[in-house]
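K.L.:
Below: one structure in structure tokens.
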Amino acid sequence: MDREEFYKAVKEMVPKYLDQAYAGHQVVIKEFHEAEGTKHCLALVDAKPGLNRIPALDLEHYYQMVKGGRNLD
């Protein structure tokens, strides 16, 4: 599984595991660069008005685990 396939799978799977407070919100994958130029991807859930937190995951860590043989679930 390459990175793009992994990101797509995460995007489809994450909503199944979210608390009801986040039901119906969109999961998106975003990229950013740190000062060192390292590229990271995050899975974000758009917050409803009044919610202060947006769950975020550093997907590179999980991608490396899957690449090393771990099950995506």
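The values are calculated or read from the model by the stated rules, or taken from the named source; none is laboratory data. What you are looking at is a predicted structure, and each value in this text was computed from that prediction instead of being measured. Positions of Cβ are backbone-derived with ideal geometry, glycine not excepted, and every protein chain shown enters the neighbour counts.
K.L.:
Name every residue in segment 14-33 that is over 15 Å from Asp58 (Cα atoms) and either under 10 Å from the mean Cα position of the chain (by Cα) or at pLDDT 80 or above (or both), in order of residue number.
P.N.:
Taking segment 14-33 as the starting set, the residues that turn out to be over 15 Å from Asp58 (Cα atoms) are 15-26.
Pro15, Lys16, Tyr17, Gln20, listed by residue number.
K.L.:
Name the residue that is modelled with the lowest pLDDT, counting only residues in segment 51-72 that are surrounded by 11 or more Cβ atoms within 10 Å (Cβ to Cβ) and part of a loop (DSSP other than H, G, I, E, B).
P.N.:
Checking each candidate, the answer is Leu51.
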